[in-house]
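These notes are about the structure you will find just below.
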Amino acid sequence: MKTLSDLSLTELNQLVSIRAQIEKLQARMNALLGAAPAVAAPRAGTRPGRKARGGLTRVAAVTKVLADAGKPLNVQGILDGLRAMSYPVSGKNPRKALTVLLYGAKTRGRFRKVARGRFTVAAAPTVPAAKPPNARRAAKRKTVKAAKV
């Protein structure tokens with residue numbers, strides 16, 4: 001029997017297509033029998049996505065610390081707040097990781113820098129009140145009348 005390393009490229013392509021056909025047939029059979037679809041095992045060599053630690057993502061945890069503080073905090077103050085709420089802070093340099101998070105493009109708009117090294121939660125953007133459709137026209141008429149008088 002040949003091993004995978006002994007197979008040619010065409011034979012490998014045939015194996016891949018046969019495997020795809022088998023998976024389609026299994027899915028069809030499960031649908032006919034009413035069985036739940038089988039969960040595919042993760043492929044070898046792939047990394048699963050990052051999961052939230054302690055039920056919160058890092059951004060959400062930092063947002064919570066800043067909101068609870070009620071005042072701008074520096075990076076060390078935020079780290080102390082994370083540790084106080086028992087959020088796992090690890091890595092070679094957690095201060096650097098937090099600084100990258102605060103300045104990072106992914107979170108731009110979520111945090112606001114208020115002073116050198118001090119951050120707070122950005123206020124929610126306010127939506128201006130919509131003007132009535134004829135408000136602009138009425139304002140224009142008033143300026144035209146004032147100019148004529």
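The values are calculated or read from the model by the stated rules, or taken from the named source; none is laboratory data. What you see is a predicted model; the values in this text were computed from it and never measured. Every residue, glycine among them, receives a Cβ derived from its backbone with ideal geometry; neighbour counts consider all protein chains shown.
What the table shows:
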| read-out | value |
| --- | --- |
| Counted residues, the stretch 65-76 - those being assigned to a helix (DSSP H, G or I) and in contact with a Phe, Trp or Tyr (Cβ under 9 Å, 6 or more places away or on another chain) | 3 |
| Residue pairs meeting the criteria (Cβ under 9 Å; at least 6 apart or on separate chains; first in the same structural domain as L79 (by TED's automatic domain parsing), in the stretch 91-102; second loosely packed, with under 11 Cβ neighbours inside 10 Å and not in a helix (DSSP H, G or I)) | A97/G91 |
